[in-house]
């Protein structure tokens, strides 16, 4: 099913999402959405991302580039209640170092954001962890 509505950008660059679209997608006030701009097609996609209660953070995790390292990190995050919303990983040095970026919701996490680095590095899951708050 597809809904089509016309909206106008105001002088501050804001767009009002029509109520028919908001209700169909289940968007409510203060919800987080992700905007993805496709420069080739000149289109913007708006994707419902997280509830207003979410505590959004970005994690940058450096780990050994070995089979199972990413799965081990994901399992540890799941055990402590971290909700993965968006992730991207890459090898930096083949067989030696990899990095994993993740946008996460820590609203149900059993560990404070400040303690995530110590938890993951202390248990040998990661070499280094950077935690950055994305919401006020």
Residue tally, condition assigned to a loop (DSSP other than H, G, I, E, B) and either within 19 Å of the chain's Cα centre (by Cα) or surrounded by 10 or more Cβ atoms within 10 Å (Cβ to Cβ) (or both), over segment 27-38: 4
Flag for residue 69 being out of contact with any helix residue (DSSP H, G or I) (no Cβ under 9 Å at 6 or more places or on another chain), free of Cβ contacts under 8 Å to residues at least 60 places away in the same chain and surrounded by 11 or more Cβ atoms within 10 Å (Cβ to Cβ): yes
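Got a number for residues in segment 85-126 being in a loop (DSSP other than H, G, I, E, B) and either surrounded by 15 or more Cβ atoms within 10 Å (Cβ to Cβ) or not assigned by TED's automatic domain parsing to the domain that holds residue 68 (or both)? Give the steps one after another, and end with the answer.
Step one: filter segment 85-126 for residues in a loop (DSSP other than H, G, I, E, B), giving 94-96, 106-112, 123-126.
Narrowing the set further to residues that are either surrounded by 15 or more Cβ atoms within 10 Å (Cβ to Cβ) or not assigned by TED's automatic domain parsing to the domain that holds residue 68 (or both) leaves 106, 109, 111, 125-126.
Count: 5.
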Subset of segment 1-22 (residues that are touching a strand residue (DSSP E or B) at 6+ places or on another chain (Cβ under 8 Å) and either closer than 16 Å to residue 35 by Cβ or surrounded by 10 or more Cβ atoms within 10 Å (Cβ to Cβ) (or both)): 7, 9, 15, 17
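The values are calculated or read from the model by the stated rules, or taken from the named source; none is laboratory data. The structure presented is a predicted model; accordingly, all values stated were derived computationally and were not measured. No Cβ is skipped: glycine too gets one built from the backbone with ideal geometry, and neighbour counts run over all protein chains shown.
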